[in-house]
Structure formats: C-alpha cells, structure tokens
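A.B. asks: Below you'll find the structure I mean.
Just so you know, all these numbers are worked out from the coordinates, no wet-lab data involved. Computed from a predicted model, the values in this text were never measured in an experiment. Because the Cβ atoms are built from the backbone with ideal geometry, glycine has one as well, and the counts that use them run over all protein chains shown.
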Amino acid sequence: MSSSMAERGTAPLVEVCNLEKRFPVQRGLFGRGVGQVHAVDGVSFRIAASETLGLVGESGCGKSTAGRTLLRLLEPSGGEIHFRGEEITALNAQAMLPYRQRMQMIHQDPYASLNPRMTAGEIVGEPLTIHGVGLRAERRERVAQLFDRVGLRPEQMHAYPHEFSGGQRQRIGIARALALNPALIVCDEPVSALDVSIQAQIINLLTDLQEEYGLSYLFVAHDLAVVEHISHRVAVMYLGRIVELTDRSTLFEAPLHPYTEALLSAVPVPRVSARRRKRVILAGDVPSPVNRPTGCHFHTRCLYAHARCRAEAPALREVSEGHLVACHLHDAGPKLPLAKPA
Ligand code: SF4
C-alpha cells in the first residue's frame, strides 16, 4: 500500500492545519517591535501511523520551527494541531503531559542536547523519572533494554557524553526519545552533523525502529539524498510555506514545483531522471523572512516567474492524487480546503 493510500485509508496520527509561527523582530534599547518573522506560515500536513514525512528546504525556511511548533515546544501563533483526532493546540502544561509522552524529538546536534554532567544512563532514564514511570529498578532495566536496542553496550551507561563518538551520542539521543514509547518522533536534522558512513547506520537504525514499534517520523532535513532514503512522502518548504508535497518517488522522479526542481538538480541523486540532472542554478540566497517577496515568495529566484507571480500567492492545490503543488504553472487542481487563501 502506498503511503498516500495509508494516509487516506486511516485516520492520521498527527495533523496540522494552517499552522503558523511568528516571531517579533525588536530593535533598540527598549526592544521596540519593528516587524515579524513569519517562520511558519499556514502549513498543513498529515502523518499516518508508521509513516515518515520528510520536510526539506534550505536553511532558514522554517522546517525546524514547524517541527518544534508541532510538538508545542514553541507555542503556535495560529492554526491547529491534532494528535489521534484530539486537538492539542491550546492545552495547558498539565493537559499536554500525556501527549508529551507520545511525541518526542531527536536533535541535530546530539552533543549540545546531552547534559555533560549526566551519565548516558541518567540521560536516557531522565524522561522516565520526570514522568514518574515505574520503580527505580524497573527504570534501570528499561534503560538497559534501550541501550541494547540502539546498539550501545550496558557498561556504557556509566560514561559521560564526551566519552562517546558523534554516532554513539546520537544513539543516546534516540534511546532517550524512545524511553516513553512514543508514537511520533520529530527528527530534526538527526544525521547532518555525522560522517556519511555513520549517517547510514543511524538512518538504518531509525528505519528498523519504525518497523519494530510502528513509529511515525517527521524527518526534517536539508539533505535530499537522506530524505529520499527514509521518507514515504516529502514536503518541500520555502520561506515558511509548503510549496510541494507528494510521495517520495513522485517527488524525486517527477517534481512539479520549480523550487523542488532546482533543489533536486543540485544533488547527485541516482534515481533522479536525466531531465532532472540538467542543472538548474538557484540564483541568490533565500530572501529575508522579515521582508518576504510579494505574491509567490519564490518569484525572485524562479526561472518561470511571470507578472502574476509577483502579485498573487499561489494556493497549494492537489494536481493529482496526493500530489500538492503551490505554483501558478499548476493552477488547474482544486484548492485545498485547508490551504491559506492567496
Ligand atoms: Fe515560479 Fe510563478 Fe510558480 Fe512561483 S508561482 S514557482 S514564481 S512560476
């Protein structure tokens, strides 16, 4: 069964509708508000059980913020977050507790995210202690199981983070994320700080854990080769908005959005067709999220930009089953009911 069928056939594990996250921009001695950064601007997607949704885009496009807002590590500025059909957008800290157990995160830099004064065993067992799970001996047993499951030796429970390699530290981060039996893990660039050979080991571990525990992943990354390897579906973000979302093979073999095409042409992904290998140079940098271009945010860098692109933001439309694109070149499909109006 394709992942898009899986998504349609079952209730999604998690669903975000028109999610927004804005940050105030302040200047001067008194922190006068001079604008807002629209880090996440009307993002909607679903993730089914046992599914991996890749979220890709250049640095600063809002993908990590979207992941953190989904987990409510950042408070959303607008939109809705649903987990197993329950809206959790505005739950207070107490009401969020059971959901926090089900939704975990793996960070980009395992070293920065591990407390250097705690042993690896204490770090992995910390979520169990915080949530009051089991007796002390049971927690120790659980930590030992988790060490074994992620490929660490039991005696390493007593070592400190600086005594581990980068790949081992990421295994500690994964064990900690698994401690409370989550259903969803937001993986925020989990392998980008690692050597390529180690990256493959961590990706394989995440894939095995998904099969074993039925985990869902939101996999945030800028490396398309990694995303292609692990994702069932992929969403491409540009300046806070999703510009294309479809299943993995369609995205890599027949992308429709000019930005996706440019991203793909820049990396040597073997499956990409010869047409895709034709290099499309992305001119310039990503514009400032404080002063975003009018209309389609991508028009300042798009090879196909025309007058309408500068005036009108394209809505995200379903151009074929499960394939969503926000581009005036593909305006024929129905506008998504959840998409933000242009
Ligand atoms: Fe390019 Fe226009 Fe499509 Fe935006 S809407 S991606 S500027 S063609």
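A.B. asks: Quick one: dipole size for the stretch 5-330, taken about the Cα centre, charges +1 on Lys/Arg Cβ and -1 on Asp/Glu Cβ, in debye to the nearest 20.
C.D. replies: 700 debye
A.B. asks: Something else now. With an 8 Å cut-off on Cα pairs and a minimum separation of 6 or more residues, tell me the relative contact order of the stretch 111-204 in percent.
C.D. replies: Numbers: 95 pairs, mean separation 32.5, N = 94.
It comes to 35 percent, rounded to a whole number.
A.B. asks: I want the antiparallel fraction of DSSP beta bridges within the stretch 5-330, as a percent rounded to 5.
C.D. replies: Working: 30 of 48 bridges.
Of those bridges, close to 60 percent are antiparallel.
A.B. asks: Same structure, new question: For a footprinting-style exposure proxy, rank ASP148, ASP247 by other Cβ within 10 Å, fewest first.
C.D. replies: Numbers: ASP148 12, ASP247 19.
Ordered by Cβ neighbours within 10 Å, fewest first: ASP148, ASP247.
A.B. asks: Next question. Top mean-square fluctuation among ARG27, ARG102, ARG241, Gaussian network model of the chain, C-alpha springs under 10 Å?
C.D. replies: The residue that fluctuates most here is ARG27.
A.B. asks: Sticking with this structure for a sec: Across the chain, what fraction of all alpha-carbon pairs, as a whole percent, falls in each successive 10 Å bin from zero upward?
C.D. replies: In whole percents, the pair-distance histogram is 5, 24, 32, 24, 11, 3, 0.
A.B. asks: Over all directions, the average projected area of the alpha-carbon convex hull for the stretch 60-196 comes to how many nm²? Present the calculation step by step, with values, prior to reporting the outcome.
C.D. replies: Numbers: hull surface 37.4 nm².
Computed as one quarter of the Cα hull surface, the answer is 9.4 nm².
A.B. asks: Next question. The chain: longest stretch without exposed chymotrypsin sites (Phe, Trp or Tyr not before Pro) (DSSP loop, at most 16 other Cβ within 10 Å), sites themselves excluded?
C.D. replies: The answer is 31-303.
A.B. asks: Using Cα pairs under 8 angstrom and six or more residues apart, how large is the relative contact order of the chain, in percent?
C.D. replies: On the way: 655 pairs, mean separation 66.0, N = 342.
Computed over the chain, the figure is 19 percent.
A.B. asks: Moving on. Would you please put 86-96, 52-62 in order of how densely packed they are, using the mean number of other Cβ atoms within 10 angstrom per residue and starting with the highest?
C.D. replies: Working: 86-96: 12.3, 52-62: 22.4.
Result, highest mean Cβ count within 10 Å first: 52-62, 86-96.
A.B. asks: Helix-only estimate, please: 222 nm mean residue ellipticity of the chain, summing -39500 (n - 2.57) across DSSP H runs of length 4 or more and dividing by its residues, to the nearest 500. Spell out each step's value before the answer.
C.D. replies: On the way: 13 runs with 115 residues, N = 342.
It comes out at -9500 deg cm²/dmol, rounded to the nearest 500.
A.B. asks: A further question on this structure: Would you kindly give the portion of the calculated P(r) for the stretch 123-181 that falls above 19 Å, as a percent of all Cα pairs? Don't skip to the answer; put the middle values down first.
C.D. replies: Values: 362 of 1711 pairs.
The calculated P(r) of the stretch 123-181 puts 21 percent of pairs beyond 19 Å.
A.B. asks: Which ordering of THR260, THR294 is given by a fewest-first count of other beta-carbon atoms within 10 Å? Walk me through the numbers before you get to the answer.
C.D. replies: On the way: THR260 25, THR294 12.
The order, fewest Cβ neighbours first, is THR294, THR260.
A.B. asks: Which log10 I(q)/I(0) values, to two decimals, does the stretch 38-119 give at q = 0.13, 0.20, 0.25, 0.26 Å⁻¹ under the Debye formula with one point per Cα?
C.D. replies: Those come out to -0.50, -1.10, -1.43, -1.48, one per q.
A.B. asks: Using the number of other C-beta atoms within 10 angstrom as an exposure proxy, rank SER231, SER77 with the fewest first.
C.D. replies: Values: SER231 25, SER77 16.
Neighbour counts put them in this order, fewest first: SER77, SER231.
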